[in-house]
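The values are calculated or read from the model by the stated rules, or taken from the named source; none is laboratory data. Not measured: the values here are computed from a predicted model. Every residue, glycine as well, gets a Cβ built from its backbone with ideal geometry; the counts of neighbours run over all protein chains shown. Calculation scope for accessible area: heavy atoms of the full protein, side chains included, ligands and nucleic acids excluded. Shrake-Rupley method; radii C 1.70, N 1.55, O 1.52, S 1.80 Å.
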Amino acid sequence: MTTLSGRTRFRYSLGSFVTGSFGTVPGLILVKYLTDTMAVPAAAAGVIVFVPKAWDVLFNPIAGRMSDANLLKTGSRRRFLLIGGIGVAILFALMFAHPGFGAPLPDALYVAILFTACATAYAVFQVPFNALPAELTESADERTKLTSVRIGVLAVTILICGGGAPAITSGIGGVAGYRVMAIVIGLIVLAATLLVYFGLKGAPVGSLRPNTVSFKDLSRTIARWRPFRWLLGTYFIQALGIGTVLAAIPFFAQRILGSEGYGTVIFVIFVGPALLTMPLWPRLGARVGKLNGFRIATAAFAIGLLGLILAQSLPLVVILVFVALCGVGYAGISVFPLAILPDLITAEEERTGETRAGIAAGVWTAGETLGLALGAGLWSAILAFGGYVSSTDATTDQPHSAIVAILLGSSIIPGVLIALALPLLRRSVLEPREPLEPRHEPA
């Protein structure tokens, strides 16, 4: 089995600057960008955020098949990383350019079209990126180490981009703030793409297996692959909760805590503990098992979110303690699914003798994308239900019902969604026992 060098682990993990930027920033600020600079109604903003991601759900498995085919043809998935990453960098910057057509509808359509194109480019990058761990090494321990480094870089990305994007937009203000933010994020994505593309040149590639040849075969594989479906269902529900939390943060900061600037503070307090505890979760998983670690992390995240329901009556320092607890739990629920997934892929490939990494990564990415998109859509629906008033300067007074909706949507609703994953974490499915040897009765 291949032992990966620390250099290879780090170079692969730099791709998390691409996935982390696109996975975090639009979910964090896109709804607010639409409602508070373009005066797009909250319900319409939810549709705009959701539709491009829904397209991704259809496109991700296609990207997986294309990636598998290119692997067999060229022996590498790196070309997809390059094309997808450059596309994300350019299209992300254009998405927040705000051409100013003079009315909410054409402005919103512009964002929707660019967001769809950017999401497509993101799929071209992320699907092969998720497939690589199962091919770089066949060692479960090495894949766990690789995933730990990747998640560590992801946490740094979320800290830099998730905290920096709101800081830039609120610091500069208005449309100009979003334009500058988008250019900065685009440059980060471009640099990361080039570094991971050239950094993985000559990296080890596992044995090539025959490609999955049809969507019928894909459907049959997923239908029979119960552990994968079970893990994906858990991850989807939690992605739905995380997507809701991300979209809620700027509204929570401005309308509950009293200042949009608190959005950056929340992100630092959230990601800081996540970054510090990231290396500890694999150690805990080695002691108590990956599933038990996953359960503990889920409980921590859920408790932290539920505590935020008291945000209007608690001191700020106590609120930030709950946010920090969320960050600790988030680190764990980020590590464990991605540590379990390559094991499931390898087991299925050994059982069938065919490539499953690209297809599994495509379906996995589609589930994650749909969950995050539905989370942002759910948040928009919560705002609409509460009667949130959209504007072009974010200073409009909001009715009491909107404030209540923001409070519930930031705490109780995502907390329940995160906790709902607990019943799905069943050892009998995700860690099946080896069959017992048949007992031979004496004659």
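Let me see the pair-distance distribution of the chain: every alpha carbon pair, 20 Å bin width, integer percents in order.
27, 58, 15, 1, 0
Mind listing the phi-derived Karplus ³J(HN,Hα) values for the stretch 382-396, rounded to whole Hz, using 6.51, -1.76 and 1.60 with θ = phi - 60°, and x for any glycine or proline?
Along the stretch 382-396, the couplings run 4, 4, 4, 4, x, x, 4, 9, 7, 7, 10, 9, 6, 10, 5 Hz.
Hey, how many Å between the Cα centroid of the stretch 272-344 and the Cα centroid of the stretch 149-174?
Centre-to-centre (Cα) distance: 19 Å.
With charges only on Cβ, +1 for K and R and -1 for D and E, what is the dipole size of the chain about its Cα centre, in debye, rounded to 20?
820 debye
Given the options 289, 415, 87, state which has the largest fluctuation in a GNM of the chain using a 10 Å cut-off (strictly under) for Cα springs.
Sorting by GNM fluctuation, first place goes to 289.
Dipole of the stretch 226-323, Cα-centred, from +1 at each Lys and Arg C-beta and -1 at each Asp and Glu C-beta, to the nearest 20 debye? Don't jump to the answer; show the numbers that get you there.
Details: 7 positive and 1 negative charges, 111 e Å.
The calculation lands at about 540 debye.
Can you sort 78, 426 by 1.4 Å-probe accessible area, starting with the largest? Please list the in-between numbers first.
On the way: 78 50, 426 100 Å².
The most accessible residue leads, giving 426, 78.
In the structure shown, do any of 32/53; 53/145; 145/290; 145/201 have a Cα-Cα gap over 24 Å, and if so which?
53/145
On the accessible surface of the chain, probed at 1.4 Å, how many percent belong to carbon and sulfur atoms?
Within the chain, the accessible surface is 68 percent carbon and sulfur.
Over all pairs of distinct alpha carbons, what does the Kirkwood formula give as the hydrodynamic radius of the stretch 270-413, in Å?
17.8 Å
Placing +1 on the Cβ of each Lys and Arg and -1 on the Cβ of each Asp and Glu in the chain, which of 389, 418, 98 has its Cα farthest towards the positive end of the resulting dipole?
418
What number comes out for accessible area per residue over the chain if the probe is 1.4 Å? Units Å², please.
Details: 17540 Å² over 443 residues.
In whole numbers, the chain has 40 Å² accessible per residue.
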